[in-house]
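The values are calculated or read from the model by the stated rules, or taken from the named source; none is laboratory data. None of these values were measured; they are calculated from a predicted model. All Cβ positions, glycine included, derive from the backbone under ideal geometry; neighbour counts span all protein chains shown.
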Amino acid sequence: MKKIPVLLLTLSLVLLLVAACGGGGKEAPGGDMDPNAAAGKALFEQTTLEGNPGCVTCHSIEPGKTVVGPSMAGIASKGEDFIR
């Protein structure tokens, strides 16, 4: 009998985590981005970006470490088609 409330709580938490990573329909900032690695690192580590959860909220930069989203390790070496 106690399995159902635990299952509902678990599913609710998973849904909340997935919803927190949504962009809210806003397009990611683009344009003239600074290609400097330090600027990219600072941007990645922001906890919020334009009122939405920042990259570091769901992604790691450690190879093989999955938080909610996939690891971003080595993403700079991927082709544009792979990223889109």
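Can you pull out every residue in the stretch 38-69 that is over 16 Å from residue 19 (Cα atoms) and of a type outside the set (Gly, Ala, Ser)? Hits for the stretch 38-69 are 41, 43, 44, 45, 46, 50, 61, 62, 63, 65, 66.
Scanning the stretch 1-59 for residues being assigned to a loop (DSSP other than H, G, I, E, B), within 18 Å of residue 75 (Cα to Cα), of a type in the set (Gly, Ala, Ser) and modelled with pLDDT of 80 or more gives a total of 1. Of all residue pairs spaced 6 or more apart or on separate chains, none has beta-carbon atoms under 6 Å together with a first member in the stretch 1-23 that is under 24 Å from residue 58 (Cβ atoms) and a second member that is surrounded by 10 or more Cβ atoms within 10 Å (Cβ to Cβ) and modelled with pLDDT under 80. The condition of being touching an Asp or Glu at 6+ places or on another chain (Cβ under 6 Å), surrounded by 12 or more Cβ atoms within 10 Å (Cβ to Cβ) and touching a residue at least 12 places away in the same chain (Cβ under 8 Å) holds for only one of 56, 68, that being 56.
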